[in-house]
Structure formats: C-alpha cells, structure tokens
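Student: Before we start, here is the structure in question, set down as structure tokens.
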Amino acid sequence: MDDSKALYDPSSLESIYRYAKQLEGKTLRKACRLTAVEDPHRRKGSFGNAVEKYYFHYDINSLAEPDFADVETELKTTPLRRKKNGEWSAKERLVISMINYMNVVDETWETSSIQKKLSKILLIAYEYDKDLNPVDYFVDLVELWGIPPEDVPVFRRDWNAVVNKIREGKAHELSGSDTFYLEAATKASTGKDRRRQPFSSIPAKPRAWAIKPSYMTAVFNSMIDAKAIERRAGEDEFDLGALVRARFEPYFGLTEGELGELCGYIKPDGRKPKNLCALITKHILGVDDHSKIAEFEKAGIKTKTIRLKRDGVPKESISFPTFDYFELVDRPFAESDFREYLRQKYLFVIYHEDDAIRGRYLLAEVLFWQMPDRDLLEAERCYEEMRRRVAAGRADWSVKSSENRCCHVRPHGRNRADVLPTPSGVPETKKCFWINARYIGEEIDSVRRETIQEAINRGKGSKNQETTPTMTSNDLVNDGSYVPGRVIRVAELFAGVGGFRLGLEGYRDPLRPEFDMPSAGPFKTVWANQWEPPGAPVRQFAAACYRKRFGEGSLVNEDINKVLDAYEAGNIDIPDVDMVVGGFPCQDYSVAKPLSQANGIVGKKGVLWWDIYRFLRLKNTPRFVLLENVDRLLKSPASQRGRDFAIILSCFASLGYAVEWRVVNAADYGFPQKRRRVYIYAEKTDETWDLVGRLTDGVMARALPVKSACNPVGFTIPADPYECSESFGVGAKHSRFESAGTMQGCSVATVRLEAEYRGNRRTLGDVLVDDAEVAESFYVTDEEKLERWRYCKGGKSEPRIDKKTGFTYQYTEGSMAFPDPIDSPARTILTSEGGGRPHGANISCRRRTAVTAGWCQTSWTSCRDSPKAGRIRV
C-alpha cells in the first residue's frame with residue numbers, strides 16, 4: 001500500500017472513506033486514467049480487481065483478514081442493474097470470502113472471520129453494462145455499510161445452518177435454499193473443482209460466503225416503502241422463521257375464510273381479493289397493506305397458500321407464467337425465466353384438510369421453502385425436454401408429471417382458443433411450467449422435519465444455541481410420522497403392499513388409532529416399484545393395495561427390468577435416493593418346495609437380484625441398502641451350499657459396500673408369528689469395520705439385541721461373482737454362513753447368535769377377534785373340505801411321480817398343527833390372493849390392516865373347531 005499513503009491514510013477509516021467517495025459519479029477511465037481492463041466475460045471480478053490495484057493501490061489478495069486491516073474494513077464492489085420502474089436491482093450475489101471447510105467448523109458466529117468482515121464494509125456499487133469495458137462502468141454509490149442490528153439474528157441463523165451442515169459431513173449438499181440472507185455460493189474455476197471436508201470422505205464444491213442478491217437489492221433501494229416486522233419483548237434474537245411462526249401460531253386451526261373475515265378482507269358478498277394470502281400475512285405480521293415486508297424483500301420471499309389433502313399431497317400444483325414458444329427454443333435453462341422462478345424463496349402458508357369435514361382446510365403451519373440445488377437438475381431436464389419437443393414441432397406434446405419428479409408442463413390459457421404461435425407455424429394452446437403437487441408435499445414434509453430437528457437441537461443446548469419459540473411434544477407427533485433426524489430419501493423395490501415403507505415412515509389414522517405406528521427414523525419414500533408377473537393388469541393386487549394406501553402415482557407398476565432399461569436410455573427419470581429397500585422375490589427359496597428344487601439366484605424370480613444390483617449401479621450406489629429374504633437364502637442351492645448368498649456378498653463388495661446380515665425370528669422379539677427371515681444391511685463406506693465387533697454391536701444388533709457371540713468364524717469369498725457361482729460351496733454339505741455375519745472387502749465373519757429379549761410376548765390369540773365379528777362365509781364347516789385341510793396339514797410319506805421325468809420317488813413331509821394353537825405365536829403364513837379352498841396350506845379370511853385401512857384378503861387357517869377364529873386385529 002506504499003503508493004496509497006499520499007492519497008489516503010490506511011490507518012484512518014475517515015481518510016479511506018473520504019478518498020473512496022471521490023470515486024462516486026465517476027468511471028475508472030476518468031479516476032485512474034485507465035484505457036481498458038480484462039474482459040469481464042473472461043474473468044469475473046475484473047472491475048473489483050482494478051479498483052483495488054489502480055485506485056486504492058494495494059496488492060490483490062484472498063486473505064481472511066479485512067482488506068483495510070488497520071481499521072478492520074472490507075472493500076467490496078458490486079454491479080447494479082436499473083429496472084424499468086427506476087429501482088436498482090443487484091445483478092449478482094455479493095461474495096465476501098471463501099469458506100475453509102476444515103477451519104470453519106471450529107468457529108462460532110461471534111468469532112468467525114465472516115462476521116468481522118460483515119460488520120464493516122466499504123461498498124462500491126457500479127452500473128453494469130454488458131457492452132462496456134469495466135473502465136467505463138459508472139460508479140453510482142460509495143458507502144460504509146454493515147449488517148443492521150435487526151438483521152443479525154437472520155445472518156447468524158444462516159451461518160449456523162451452513163456450518164452445522166459441514167459439521168454433519170454434508171458440505172457436498174450445501175444449497176442456497178438452506179438460508180435467507182447469507183449463503184454458501186459455489187465458487188470454482190471449473191465444475192469439477194472439489195475440496196476436502198472434515199467429516200466426510202466425499203469431496204465438496206468450493207464455496208464462498210455471499211450475501212444474496214435480493215438482500216443487496218433491498219439495501220440499495222433503501223427500503224423506502226418497506227416495514228420491518230415489529231419484535232415484541234423476548235423476540236430480539238428470534239431468526240426469521242421463528243419470528244413468523246410465533247406470529248402465525250395463534251391463528252392455527254382457522255380456515256382461510258375465517259382469517260379473511262378476521263382481518264377485514266372478505267367482502268359481505270363473500271368476494272375475496274386475489275392477493276388474500278399476501279394481505280393476511282401482512283396483517284398477521286403487523287405490516288401495512290400498502291407496505292412491503294422488509295425481511296421478505298431482503299430475502300426475496302413471496303407468500304403462497306398451500307392446501308394439503310389428508311394424504312399430505314397439495315390440492316394443486318404450483319404454476320408459473322405462460323412461456324413464449326420461440327423464447328423457449330432460443331434460451332437454454334441457465335438463461336431462462338423458469339430457472340429464475342425456481343430460485344424464488346417462498347413462505348408457504350399451509351392449510352391441512354380437516355379430518356372430520358372433507359373439503360374444509362384449516363391453517364396448520366408456516367414454513368419457508370426454496371427448491372434445493374440438487375433438484376434444479378431435475379427441473380432442467382423437464383425444461384430441456386419441452387424445449388426439444390417444441391423445436392421438433394411437437395409443442396402439443398407436454399412433459400407430464402409422470403415423466404419428471406419435480407416439474408411438468410400443461411395448458412395455462414383461458415380455453416383451447418387461447419393460443420400462441422410456435423416455431424413450426426402451428427398455433428398451440430398457451431402453456432406454462434408447474435411444480436408437481438406430490439413433489440411439493442414431499443418437500444414440505446422434509447423441511448418440516450428439519451425445522452423441528454433444529455429446534456430440538458437448540459433445546460438440547462447445542463453449540464451456538466439461539467432463542468426460539470419453545471417446541472412442544474405436539475410439534476413432534478401432530479401427524480404421527482416424525483422422529484428427529486435428517487431426511488433419508490428411500491427407493492422401495494419389489495414394494496408389495498408397502499411393508500418397508502410403513503415400517504420406516506410409520507402410520508397414523510385418526511379414525512383408527514389402534515393401528516398407530518411410530519416411524520423408525522427420518523425416512524421418506526420418494527420412489528417405489530411393484531410388478532407381479534406375468535403382468536396382467538387384473539393381477540396387480542399388491543400394486544392396487546399400495547396405491548390405495550399411499551395414493552395414485554405413489555409407485556411404478558411395471559416390470560423393473562423394463563423400468564431400468566427406460567431409465568438407462570434416458571426416457572424416464574428415477575430420483576436420487578439415500579437408501580434402497582426391498583424384499584426381493586423369494587418363492588424359489590420358500591418352504592413350499594424341497595430345498596433341492598430351489599433355483600436360487602438363477603431361478604425364475606431369484607434372478608431379480610440382478611435388478612437390485614443394476615439399480616445400485618445406475619443410481620451411483622446409494623449409501624444404505626436394506627433387504628429381506630427367507631433364511632434359506634444363506635444355504636441355497638442344495639448342490640452348492642451358500643453359493644447364492646456368496647454371490648450377493650461378492651456383488652456388494654464390488655460396489656464398495658460393507659454388509660451385516662441376521663436371521664431373525666419375529667417371535668423371538670415378542671411378535672405373534674414365527675417368521676424367520678434374513679435381513680441384509682449394506683452401507684457404502686470408506687471406514688474400516690471391526691467385523692467381529694459389529695456382530696454384537698452393529699446396526700442389526702443395536703436394533704435387535706443378541707447374546708454375546710461365541711467363536712465367530714472368518715473366511716474370504718471370491719471377489720468375482722462369477723467365481724462364486726462356479727466354485728463356492730461345491731461339495732459342501734453345510735453352508736459356511738451362520739445366522740449372523742458381517743462382510744467388508746470380501747472378508748467375512750459369521751456366527752450363530754441368540755436373541756436377547758425381555759419385553760412382552762404376544763400369541764395368535766392376542767390378535768384374533770370374537771367369532772361374532774366374522775362373517776359366516778369365512779368359516780369352513782363342510783367335513784369334506786375339513787378333511788382336505790387335515791391332509792394338507794398332516795405328515796406324509798407317500799410315493800409321487802415327477803411330472804417332467806416320470807420318475808417315482810418317496811415324498812415325505814412333517815405335520816403342522818391344525819388348527820393353529822392360539823396360546824403360541826402362529827407359524828409363518830403362506831400368502832395367497834384369497835379363495836375358499838385349500839391353497840398350499842391355508843384358508844383365506846378377512847384381515848383388517850394398516851396397509852389399506854380397508855378390507856383386503858390374506859391367508860389364515862380358520863375353522864369352527866378353533867376356539868377363536870376370524871378377523872385378525874393388528
């Protein structure tokens with residue numbers, strides 16, 4: 001700075017400011033006698049660099065300390081655009097400094113370098129013109145600026161949101177949608193640049209602290225016509241979300257009409273103003289009807305009414321202005337108005353459909369939302385696909401909501417005659433982009449969970465604690481589905497009627513509280529597939545049941561192989577997920593056949609394991625996998641004991657997964673059914689596992705406690721699945737895989753474990769209801785049919801003939817209790833689609849389940865000789 005001393009005193013803020021003000025109303029050409037600087041289209045920041053180097057005469061740097069260190073003042077230049085109405089608009093975010101992921105986690109807001117820089121900024125704003133060289137940009141404003149005291153709580157909240165995500169090992173998931181005023185903006189020379197983060201092995205994009213354009217726009221326009229939300233006693237430290245919620249809470253439970261009348265906006269004849277939601281919001285927040293809400297202007301927030309139906313899906317999708325077909329073809333997504341619309345932040349004022357009165361919606365919650373960066377790519381696919389169709393002369397062919405998880409296109413004109421010209425010359429009905437209703441519902445659920453979790457963390461006295469309204473237990477259970485934690489997005493393969501989904505997400509029906517079931521964690525199923533061969537639509541019973549429970553569009557009812565073909569070809573999209581679950585088809589392993597006939601993975605249905613493997617590869621190996629199968633998987637086929645399971649483990653190892661497995665008998669943990677299944681948990685991790693230790697202290701053991709392991713066995717499986725198929729288990733009489741085990745890098749530890757359970761135990765009698773509740777048609781009274789049942793259930797030793805070869809062999813089968821004793825857990829049910837005659841070994845009766853909250857048929861043994869029989873209550 002030696003050259004600057006004759007111009008200003010770098011140790012005096014007054015001197016620096018006085019000198020800086022001389023630049024106001026000038027250009028660099030005039031102030032510094034420059035003829036040109038580097039083209040800003042090639043190098044961003046060329047104007048700011050020129051101001052530092054040629055006007056203030058100090059070396060350009062990226063140090064953490066302020067530019068004018070002696071007076072702790074940061075120099076920042078920022079471009080402006082003048083709008084048609086004469087107001088200024090910030091052209092871009094105001095970048096302050098780079099984020100050091102490794103160091104920022106050790107800071108607090110009060111000690112952070114960004115807080116110091118934001119407290120005192122010498123701001124130089126210039127008028128941007130793309131046709132001019134930066135030396136000719138006109139400097140409109142030079143001012144000393146710092147965060148106003150009333151905005152500090154929001155900046156602090158934004159800083160905490162970013163840093164807490166880094167502390168959770170999620171720097172790679174940072175998004176502008178996480179914050180209001182201050183954001184972690186991407187800052188890289190190329191799209192491939194990545195940086196290390198402290199608590200994850202996943203590299204993250206370089207990011208910088210930046211003030212959002214909406215906030216800077218509000219600053220430059222001096223907020224003349226805006227009014228801040230008045231803070232009451234004890235609210236000085238509330239962040240914006242907490243402040244808005246505190247204002248709205250007294251009105252929860254009212255309809256929009258009741259709110260409109262209360263605020264004086266509903267006319268005697270019932271007419272409502274079009275901007276009723278915005279007016280109600282202003283009234284509740286204490287802002288005049290004709291003023292803007294200062295905090296909303298700074299954060300670029302718009303209000304939006306959302307009406308959620310009982311299934312949690314919004315009544316309507318969110319629409320945007322009609323697009324011009326010619327502009328759509330000419331402008332890529334990055335330059336489109338649609339992208340700008342998606343960057344909008346909203347205050348969702350949410351009304352839930354009343355449980356008692358259908359069609360009546362009650363104010364239930366308010367939350368802020370902006371489309372996460374990870375979903376912009378999905379929206380871009382929708383935009384570019386519609387753009388391609390219009391360019392190909394198919395403007396009539398809209399992108400449907402079934403084709404894209406986030407967005408779709410549909411007409412937005414008054415009628416069919418309301419058209420616009422297209423590049424093909426054929427006029428087409430006006431259309432616009434919409435955000436899918438189901439996607440909005442999922443996002444609302446995700447934001448709500450994360451908001452409650454933040455409040456819980458603060459209530460536990462977490463680091464950088466802030467004052468917020470107290471969250472009560474009602475906030476956690478108001479819909480029966482929430483438990484703390486980051487939302488884990490789930491894909492459910494071979495979904496059946498949704499057993500995994502119910503177990504993960506929980507269930508609540510106010511009309512049937514006996515079915516209430518808490519969620520297992522912060523899980524959200526975002527994609528599901530179910531298909532029952534041979535594929536006739538009338539045979540898709542499980543899919544119909546799934547839709548009945550979770551809504552239309554909740555799953556893809558198509559052969560998974562064809563679905564993955566279409567995804568790989570780019571014809572459809574499958575959302576990114578964190579976890580894959582599924583009970584992949586197991587008929588070939590079930591006890592309905594002798595073991596020697598089981599075909600395992602190479603059988604008719606077992607081959608679908610390869611679709612799971614393919615799904616994992618196509619979706620970039622989601623972090624978690626949870627699968628279920630019959631326990632016989634561990635020892636099939638009879639000719640190569642354990643071969644099938646070795647192939648599965650080898651596949652997991654090839655994808656970088658570590659695996660735990662356990663054979664679990666539901667009756668061992670108090671359930672009224674003897675159901676033995678092997679559960680396979682896989683996790684994509686770089687961490688080295690203690691394979692023996694995890695047998696009794698892993699995910700499985702913590703969920704389902706076991707007694708101490710004795711003498712675990714270790715061995716290695718072939719790394720090549722083909723080698724497993726050719727050689728593993730050849731000549732072995734017993735499988736090497738015990739009832740529990742772990743695997744990482746093809747190294748296996750396995751042992752037989754015993755359940756440890758001291759809770760209540762239920763029997764078949766506990767879940768059966770009185771005879772009077774069972775329709776007469778569900779009883780078997782015919783003696784001939786009963787005799788047939790006794791035969792099916794009884795022991796056998798008889799000659800039979802193989803239909804394929806004509807060979808006669810002696811068939812033997814052990815007996816089963818008939819009817820099932822009600823003072824012990826029931827034996828495993830073999831399901832069927834119903835019917836009144838023996839089917840394998842069961843009789844159908846009606847069962848009331850939480851899956852459909854309606855009558856559906858399942859299989860059970862029921863006859864007049866049973867002390868209790870009939871409808872099962874769970």
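Student: When DSSP assigns beta bridges and you keep just the ones with both residues in the range 288-424, what percent turn out antiparallel, to the nearest 5? Before the final figure, lay out each step's value.
Tutor: Numbers: 9 of 17 bridges.
Of all bridge pairs located within the range 288-424, approximately 55 percent are antiparallel.
Student: How would Glu683, Glu738 rank on accessible area, largest to smallest, probe 1.4 Å? Spell out each step's value before the answer.
Tutor: Values: Glu683 25, Glu738 60 Å².
From most exposed to least exposed: Glu738, Glu683.
Student: Return the long-range amide H neighbours of Ala226 (sequence gap of 5 or more, or a different chain), with a cut-off of under 5 Å between placed amide H atoms.
Tutor: Answer set, sorted by chain and number: Lys292.
Student: Next question, about the same structure. Before I look further, what does the range 682-762 give for accessible area per residue, probe 1.4 Å, in whole square angstrom? Don't jump to the answer; show the numbers that get you there.
Tutor: Details: 4850 Å² over 81 residues.
Averaged over the residues of the range 682-762, the accessible area is 60 Å².
Student: On a C-alpha basis, how far is the centre of the range 676-731 from the centre of the range 116-193 in Å? Whole number, if you could?
Tutor: Rounded to whole Å, the Cα centres lie 48 Å apart.
Student: For the range 224-280, which whole percent of the accessible surface, found with a 1.4 angstrom probe, sits on carbon and sulfur atoms?
Tutor: Details: 1650 of 3210 Å².
Carbon with sulfur: 51 percent of the solvent-accessible area.
Student: Between the range 759-789 and the range 490-549, what is the C-alpha centre distance in whole Å?
Tutor: 26
Student: Let me ask something additional. Please list His290, His734, His283, His57 from largest to smallest accessible area, probe radius 1.4 Å, with all protein chains kept in place.
Tutor: Reading off the accessible areas and sorting them downward yields His290, His734, His283, His57.
Student: Further question on the same structure: With no solvent and one equal point scatterer placed on each C-alpha of the range 183-314, evaluate the Debye formula and give log10 I(q)/I(0) for q = 0.14, 0.22 Å⁻¹, two decimals.
Tutor: Log10 I(q)/I(0), no solvent term: -0.85, -1.31.
Student: If eta is 1.567 mPa s and T is 4 °C, what Stokes-Einstein diffusion coefficient results for the range 677-733, Kirkwood Rh from Cα pairs, in µm²/s?
Tutor: Working: Rh = 14.1 Å.
D = 92 µm²/s.
Student: Ok, one more. Which links in Lys84/Lys292; Lys302/Lys548; Lys120/Lys170 stretch past 23 Å when you go from one Cα to the other?
Tutor: Going by Cα-Cα distance, Lys302/Lys548; Lys120/Lys170 fall outside the 23 Å limit.
Student: Whole number in Å², please: accessible area per residue of the range 146-202, 1.4 Å probe, ligands, DNA and RNA not counted.
Tutor: Values: 2430 Å² over 57 residues.
Value returned for the range 146-202: 43 Å² of accessible area per residue.
Student: Rolling a 1.4 angstrom probe over the protein heavy atoms, how many square angstrom per residue are accessible across the range 284-333? Each step should come with its number before you reach the end.
Tutor: Values: 2270 Å² over 50 residues.
In whole numbers, the range 284-333 has 45 Å² accessible per residue.
Student: Using a basic spin-label model with each label point 7 Å from the Cα along Cα→Cβ, how many nm lie between Gln22 and Asp802?
Tutor: Label at Gln22, label at Asp802, 10.3 nm between them.
Student: Let me ask another. Note the direction-averaged projected area, equal to a quarter of the hull surface, for the Cα convex hull of the range 111-210, in nm². Intermediate values should be presented prior to the final figure.
Tutor: Values: hull surface 33.7 nm².
Here the figure is 8.4 nm², rounded to one decimal.
Student: Using the scaling law 2.2 N^0.38 Å as the reference, what is the normalised Cα Rg of the range 597-710? Before the final figure, lay out each step's value.
Tutor: Numbers: Rg = 14.9 Å, N = 114, 2.2 N^0.38 = 13.3 Å.
Dividing the Cα Rg of the range 597-710 by 2.2 N^0.38 Å gives 1.12.
Student: Here is a further query. Which whole-number percentage describes the relative contact order of the range 749-818, with Cα contacts under 8 Å and a sequence gap of 6 or more?
Tutor: Values: 40 pairs, mean separation 15.1, N = 70.
Value for the range 749-818: 22 percent.
Student: 7 Å from Cα along Cα→Cβ at both Arg752 and Arg676: what's the point-to-point distance in nm?
Tutor: 1.0
Student: Could you tell me the center-to-center distance, by alpha carbons, between the range 620-641 and the range 315-388 in angstrom?
Tutor: So the two Cα centres are separated by 41 Å.
Student: How much of the accessible area of the range 358-417, in percent, comes from carbon and sulfur atoms when a 1.4 Å probe is used?
Tutor: On the way: 1440 of 3060 Å².
Of all accessible area on the range 358-417, carbon and sulfur atoms account for 47 percent.
Student: While we're looking at this one, here's another question. Round to the nearest 0.05 the FRET efficiency obtained for Lys30 and Glu110 when R0 = 35 Å and r is the Cβ-Cβ distance. Intermediate results must be reported in sequence, preceding the final value.
Tutor: Working: r = 42 Å, r/R0 = 1.21.
For Lys30 and Glu110, the calculated efficiency is 0.25.
Student: Have a look at the DSSP beta bridges in the range 1-159 and tell me what percent are antiparallel, nearest 5. The partial results should precede the final answer.
Tutor: Values: 11 of 18 bridges.
Taking every DSSP beta bridge within the range 1-159, about 60 percent pair in antiparallel fashion.
Student: Kirkwood hydrodynamic radius, computed over distinct alpha-carbon pairs, for the range 502-580: how many Å, to one decimal?
Tutor: Working: mean 1/r = 0.0689 Å⁻¹.
Mean inverse Cα-Cα distance, inverted, gives 14.5 Å.
Student: Work out how much length Val769 to Glu249 would gain on full extension: take 0.36 nm times their residue separation and subtract the Cα-Cα distance, in nm to one decimal. Don't jump to the answer; show the numbers that get you there.
Tutor: Details: separation 520, 0.36 × 520 = 187.20 nm, distance 4.30 nm.
Computed gain between Val769 and Glu249 is 182.9 nm.
Student: Under the rule a/c < 1.5 gives rounded, and otherwise a/b versus b/c splits prolate from oblate, where does the range 137-189 land using the Cα gyration tensor?
Tutor: On the way: a/c = 3.48, a/b = 1.52, b/c = 2.29.
The shape class here is oblate.
Student: Report the calculated FRET efficiency for Tyr811 and Asn711 (r = Cβ-Cβ distance, R0 = 30 Å), to the nearest 0.05. Please list the in-between numbers first.
Tutor: Details: r = 38 Å, r/R0 = 1.26.
About 0.20, to the nearest 0.05.
Student: A further question on this structure: In the range 108-193, what percent of the accessible surface is made up of carbon and sulfur (1.4 Å probe, ligands and nucleic acids excluded)?
Tutor: Values: 1630 of 3240 Å².
Of the solvent-accessible surface of the range 108-193, carbon and sulfur hold 50 percent.
Student: Equivalent-ellipsoid semi-axes (√(5λ), Cα gyration tensor) for the range 1-153, whole Å, largest first?
Tutor: On the way: eigenvalues 129, 78, 51 Å².
Values for the range 1-153, descending: 25, 20, 16 Å.
The values are calculated or read from the model by the stated rules, or taken from the named source; none is laboratory data. Model, not experiment: these values are computed from the prediction. Don't worry about glycine lacking a Cβ; one is built from the backbone with ideal geometry, like all the others, and counts go over all protein chains shown. Areas reflect the complete protein model, heavy atoms only, side chains present, ligands, DNA and RNA absent. Shrake-Rupley method; radii C 1.70, N 1.55, O 1.52, S 1.80 Å.
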